[in-house]
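Derivation of every value follows stated rules applied to the coordinates shown; laboratory data play no part. For clarity, every value in this text was computed on a predicted model and none was experimentally measured. Neighbour counts run over all protein chains shown; Cβ positions are idealised from the backbone, glycine included.
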Amino acid sequence: MPDQTSNGMRCNEFDLLLSDAIDGALSGAELSRFQAHAQSCEACGPLLADAEAGRGWLKGLTEVEPPANLVTAILASTSGGVDTQRLRVNARDNQPQVSWLERVQASLFGYLEPIWATVRQPRFAMSFGMAFFALSVGLTVAGVKPADLANISLRPTSIKRTYAHTQARVVHYYENIRIVYEVESLARQVKRNVAPAEPGPAKQKDHKNDTTQQPDQPQERNYSQSDTQLILASAPSIAPQGPCFDSCDLPVVPVTTYRRFV
Amino acid sequence: MVLELSVFWLLQAFGPQDQSQVGTVISGELQVEDVQVVAMLVRRCIAGDSAAWEEIVQTYHRRIYNICYRFAGSGDDAQDLTQEVFIKMYRTLPSYDHTKGAFVTWVTTITRNLLVDHFRKTKQDRMTDSIDTVASEHEDAQPLSEQIQDQSAPPDARVRSREVGETVHAALARLSPELREALILRDLQDMDYREIASVLKVPEGTVKSRINRGRAELARLLQRTYRQVM
């Protein structure tokens, strides 16, 4: 609302007096000033007319009749609550004395009852039965007998020995796994192929003066580089000066070494 | 009831006239609320007198239902809200202090607070509804313009008056809740400005301003609708 002065009254003042004017509470000079402002102000005049019209509309509204069962419903939802509360209080007062043990049992039962009710369901019972069956079969296959459990020695030395045995078995088992072995040998081969050639030794051996007959490099002992590696049988007939036995004319036999994988 | 009335007349005859009596006109059997009478009724209720509680329910249920109906716009909602108001009133009855204000103001404050809660809860539902389908108990969700078109048809004045009332009710539901509650308390429940200010917890000047704006807006709304129909 614009705050302008018209006929000695500001619009804010008019707004404050509007309710009283509609209620008929204004009189005398105040009423005259109010009416004069309403006639001269472009904003407040229509506001007065609209407010009077709105009040007229609202006064035309009649009171609505509530539903017939409303009182009954209210009393049922309130007075009923009172009686219940009183009954509850009386019931609490009339309860027999209960020992603390019974109270603990009751509270425990209260906590465990939902769990027990869940466990008792057929599907859970079947799952537990299957798990027990699988465990017992597994132990039987593994050779574990319940009678052996009684013979277990719990002395420290015995426990240490059992631990060492178990560790050795595990290591042995691990090293004999085919895939482990293959991976190790492959890694070794790759390492050997990829490694750059070693620069020559600083001083060359003098073969002429070497009378030790030792090889230049120590021979690498690899017994199983490949499963089908040919190993020549020792054939002393190659050396013409050497002694020749009956086996001189034996053929070269390819020998395939197989490694036993456990 | 006889006891309360006799106490009321005794107090009116010999008691202090300025403080003990609050001139609040309410619909129902109890036309003038007396602080002492109501205080006694409340004390009897707290002591467990079911007859006293029933008397309170009988006296105030119509007023509370009407406030709820005009604010919520639906008869079903009004019934539920009225029950909620009485449940809350019953629980908080011991907290009523007759020295702080009239019982009817206290009851109206409880009603208004529940209405605000209800308004907040149903805000999302209302946003999805069409403006023209404001529900009313006696209408089949007709648009406002159609209601006004129909009102010229029936010759019976009572039917016409009822339909005009429904139109105004529908227009009232389209006002903002602040303006609507102020109008309901002032023009439909005839509460004075001081009591309304106490219920709404705003200054008296704000109450007057809201009432003026609400009346003007309602009139403009109805005039605009009528103009569209014409």
Under the rule rounded for a/c under 1.5, else prolate if a/b exceeds b/c, else oblate, using alpha carbon gyration tensor axes a ≥ b ≥ c, the range A:123-191 is classed as oblate
Expected integer from the mean partner chain Cβ neighbour count at 10 Å over B:70-79 is 2
For the table A:LYS59/B:LYS208; B:LYS123/B:LYS208; B:LYS100/B:LYS201; B:LYS100/B:LYS121, the rows whose alpha-carbon distance is greater than 21 Å are B:LYS123/B:LYS208; B:LYS100/B:LYS121
In whole angstrom, the spacing between the Cα centers of the range B:45-76 and the range A:110-135 equals 55 Å
Cβ density ranking, 10 Å radius, fewest first, applied to B:MET40, B:MET89 yields B:MET40, B:MET89
Any trypsin sites (Lys or Arg not before Pro) in the range B:157-230 that lie in a DSSP loop and have at most 14 other Cβ atoms within 10 Å would be B:LYS201
Mean per-residue count of partner chain Cβ within 10 Å for B:80-89 equals 3
Output field shielding_mean for B:40-50 (other chain Cβ, 10 Å radius) holds 1
Final fewest-first order of A:CYS44, B:CYS68 on the 10 Å Cβ neighbour count is A:CYS44, B:CYS68
